[in-house]
1. Tell me whether the range 35-50 contains one or more residues that are modelled with pLDDT of 95 or more and among the aromatic types (Phe, Trp, Tyr).
2. Pairs, please: C-beta under 6 Å, at least 6 apart or cross-chain, first residue touching a residue at least 12 places away in the same chain (Cβ under 8 Å) and in the range 107-118, second of a type outside the set (Val, Ile, Thr)?
3. Could you pull out every one of the helices (runs of 4 or more DSSP H) wholly within the range 133-229 that has 2 or more residues that are within 14 Å of the ligand (Cβ to nearest atom) and at pLDDT 95 or above?
4. Looking only at residues in the range 77-120 that are among the acidic types (Asp, Glu) and surrounded by 15 or more Cβ atoms within 10 Å (Cβ to Cβ), which one is nearest to the ligand (Cβ to nearest atom)?
5. Could you identify the single residue in Val28, Val54 that is among the hydrophobic types (A, V, I, L, M, F, W, C) and in contact with an Asp or Glu (Cβ under 6 Å, 6 or more places away or on another chain)?
6. Go through (1) over 20 Å from Glu82 (Cα atoms); (2) surrounded by fewer than 19 Cβ atoms within 10 Å (Cβ to Cβ); (3) basic (Lys, Arg) for Arg146 and report which single condition fails.
Amino acid sequence: METQNTLTPPPATADMSFRQLVNERRSVRSFLPERIPSDVMQDCFDMAILAPSVSNLQPWQFYWVKSDKNREEMRDLCMRQEAANTAAEFVVCVGRTGLWRKYAKLIIQQMEEAQLDLPKPFDIYYHKIVPISYTLGPLSILGYLREFLFWAIRVFRPMSHTPKNRSEMRAWAIKSTSLACQNFMLALRAHGYDTCALDGFDPTRIKRMLKLPRDAVIVMVITAGKRAPDDVRFGPRLRLGRENFVFEA
Ligand SMILES: Cc1cc2nc3c(=O)[nH]c(=O)nc-3n(C[C@H](O)[C@H](O)[C@H](O)COP(=O)(O)O)c2cc1C
């Protein structure tokens, strides 16, 4: 079993084999105080937003908490846990449920500006299917009506699932944003930095601090920095056997 202290030293470049990268990413809870250079962070954000997303609607946002005052407050709002106490950087990873309509329009606009000859299904997808799939209406009435209609269709033929209420829209945004978070953590590792994803935080207070809109859901906070040599407290990587997780059908 691999332990954190037997890991090879982090490389100075972002060029690493995929296998090595995945193996080296560990949740680190003790960081050195040095900050991560802005160009490295920006590169990692660029890698994050290359993640796939449902309907390519890219519901993620990343709030890089930079000022000393806000970083200090984040330590409190992440419950003063180890990975927050020493963190050099805090990134609040947010999923947005209210931007899909705007982004569907922007995607069409971008395609038109690039003078790409839009295939008809693509056009129909963003003009018609996307609004049909995600419009909820007041009190999610349209979402529940759609669910009823799809349920009836499903009796006769396969029919996909779309979010029927705000809670399912949140799950919709969290799915894609989580993939971007993983890209971000792997990208930082490829630059020789480490991360810890956090679920232990006060979402209400962080939303207030960042003045996030109502449709924002905090998916996770990622703390990051250079791994401290004493980061051995959490021990070896532990995974249950593949037979628990992988099935053939
Ligand atoms: C969404 C998410 C939330 C997590 N929350 C915390 C947390 O609040 N505190 C913490 O110390 N680790 C947290 N972790 C890290 C996990 O404990 C860690 O990924 C797991 O133990 C496996 O270790 P590894 O990442 O080094 O492979 C979180 C991980 C994820 C993906």
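The values are calculated or read from the model by the stated rules, or taken from the named source; none is laboratory data. It should be emphasised that the depicted structure is a prediction, and the values quoted were computed from it without experimental measurement. All Cβ positions, even for glycine, are placed from backbone atoms using ideal geometry, and neighbour counts span all protein chains on display.
1. Yes, the conditions are met somewhere in the range 35-50.
2. Partner pairs satisfying both residue conditions: Ile107/Tyr126; Ile108/Tyr126.
3. Details: elements: 141-154, 166-190, 203-210.
Of the helices (runs of 4 or more DSSP H) lying wholly inside the range 133-229, those with at least 2 residues that are within 14 Å of the ligand (Cβ to nearest atom) and at pLDDT 95 or above span 166-190, 203-210.
4. Here is the first cut: in the range 77-120, the ones among the acidic types (Asp, Glu) are 82, 89, 112-113, 117.
Retained after the next criterion (residues that are surrounded by 15 or more Cβ atoms within 10 Å (Cβ to Cβ)): 82, 89.
Numbers: Glu82: 6, Glu89: 16 Å.
Checking each candidate, the answer is Glu82.
5. Values: Val54 fails: in contact with an Asp or Glu (Cβ under 6 Å, 6 or more places away or on another chain).
Of Val28, Val54, the one residue that is among the hydrophobic types (A, V, I, L, M, F, W, C) and in contact with an Asp or Glu (Cβ under 6 Å, 6 or more places away or on another chain) is Val28.
6. (2)
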